[in-house]
Amino acid sequence: MESKTALVTGASRGIGAAIAAELAGQGFFVYGTATSESGAATISEQLQGQGHGLVLQVQDQESVDRGFTEILERGPAPLVVVNNAGVTRDNLMLRMSADEWQEVVDTNLNGAFRVTKAALRNMVKARWGRVINVGSVVARLGNPGQANYVSSKAGLEGFTRSLALELGSRGITVNLLAPGFIETDMTAALSDEQRAGMLARIPLGRMGDVKEIAAAVSFLSGDQAAYITGQTIHINGGMFLN
């Protein structure tokens, strides 16, 4: 590995923040992205000298280019990239606007394309790299009112498999984690009834913890996972059995 530098998109809170903290704890210098200056400042504060927050809009090619220019001006290129940034704009298909569809696909799927492509040249040069995409269990289960989100996450699985085939000969692995219901600020807003309905679908009887997702990212980022590529790894307490 040429450098222990990682890039985590959507790292200001929730799963992304946990991933950034875990990688920093493993000795990586972590660049975390947010969509606002305040979010970027929060990332820098959380990583305490072991990382840096960037304002980066994954749906904007110019923003991605500026972000990578800043990274390369500051130090080594990231050889571990975690595509975690994502949004939801839920609506039934009969009511879903073209903008609601486009924003979700352009962030969750096209954003991963832009960020990964920007990072690949340096990974190929180093003949080592890790691309880790964060998908969702709903890519396999479906979810009413989330045709845009489910499509973007299902597309990310196909992207992962194809890229793994392209890059394996260069020492670069590409994998996807598919979390189930995870305790975040989003799930904290659920009603007791909604939470009970979710838990009834999970054999382990609890929500997942963001640290459990981060631990899987840490494993996939290391040499112990060098023979794993093109895989979707489900972390969902048994609610979906692959």
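The values are calculated or read from the model by the stated rules, or taken from the named source; none is laboratory data. Owing to the predicted nature of the structure, the values given are computational and were not obtained by experimental measurement. Cβ placement follows ideal geometry from the backbone for every residue including glycine, while neighbour counts extend to all protein chains displayed. Ligands, DNA and RNA are excluded from the accessible area calculation, which covers all protein heavy atoms including side chains. Shrake-Rupley method; radii C 1.70, N 1.55, O 1.52, S 1.80 Å.
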Query raised in the report: Say the dipole of the chain comes from +1 at the beta carbon of Lys and Arg and -1 at that of Asp and Glu; which of Ser221, Ala41, Gln57 then lies farthest toward its positive end?
Result: Ser221
Query raised in the report: Taking a label point 7 Å from the Cα of Asp90 along the Cα→Cβ vector, which residues of region 144-166 have an amide N closer than 14 Å to it?
Result: 144-150
Query - Cα→Cβ-extended label distance, 7 Å offset, between Glu193 and Val124, nm - result: 5.4 nm
**Report entry** Using alpha-carbon coordinates, inclination of helix 147-167 to the longest axis of the chain, degrees
**Finding:** 30 degrees
Query - Under 14 Å, Cβ to Cβ, from Ser38 - net charge with Lys/Arg +1 and Asp/Glu -1 - result: -1
Report summary line: Row for region 51-175, column shape: gyration tensor on C-alpha, a ≥ b ≥ c, rounded if a/c < 1.5 i.e. under 1.5, prolate if a/b over b/c, else oblate; value oblate
**Report entry** Solvent-accessible surface ranking, highest first, for Met186, Met123, Met239 at 1.4 angstrom
**Finding:** Met186, Met239, Met123
Query raised in the report: Where a Cα-Cα gap under 17 Å defines reach, which aspartates and glutamates qualify for Lys125, not counting those fewer than 8 residues away within the same chain?
Result: Glu2, Glu166
Query raised in the report: About its Cα centre, what dipole magnitude does region 121-242 give when the only charges are +1 on Lys and Arg Cβ and -1 on Asp and Glu Cβ, stated in debye to the nearest 20?
Result: 540 debye
Requested in this report: Name the residues whose placed amide hydrogens come within less than 5 Å of the amide hydrogen of Val30, ignoring near sequence neighbours (fewer than 5 apart) on the same chain.
Outcome: Ala6, Gly51, His52
Requested in this report: With an 8 Å cut-off on Cα pairs and a minimum separation of 6 or more residues, tell me the relative contact order of the chain in percent.
Outcome: 20 percent
**Report entry** Simple spin-label estimate for Ala200 and Asp65 in nanometres, 7 Å along Cα-Cβ
**Finding:** 5.2 nm
Report summary line: Under the helix-only model (-39500 (n - 2.57) for each DSSP H run of 4 or more, divided by the residues of the chain), the mean residue ellipticity at 222 nm, to 500 deg cm²/dmol, is -14000 deg cm²/dmol
Query raised in the report: So what is the relative contact order of region 81-172, in percent, for Cα pairs below 8 Å that sit 6 or more residues apart?
Result: 40 percent
Query raised in the report: Which of the trypsin sites (Lys or Arg not before Pro) found in region 160-224 are in a DSSP loop and have at most 16 neighbouring Cβ atoms, other than their own, within 10 Å?
Result: Arg201, Arg206
Query raised in the report: With each label point set 7 Å from Cα along the Cα-Cβ vector, what nm distance links Ala41 and Leu241?
Result: 5.0 nm
Requested in this report: Return the loop-located trypsin sites (Lys or Arg not before Pro) in region 33-123 (DSSP other than H, G, I, E, B) with at most 12 other Cβ atoms within 10 Å of their own Cβ; answer none if there are none.
Outcome: Arg95
Report task. Can you work out the PRE-style zone for Arg170? Point 7 Å along Cα to Cβ, and I want the residues of region 116-145 with backbone N under 18 Å. Result -> 116-133
Query raised in the report: To the nearest 20 debye, what charge dipole does region 37-93 have about its Cα centre, counting +1 at the Cβ of each Lys and Arg and -1 at the Cβ of each Asp and Glu?
Result: 140 debye
**Report entry** Signed unit charges on C-beta, dipole axis of the chain, positive-most listed residue Leu94, Leu109, Gly238
**Finding:** Gly238
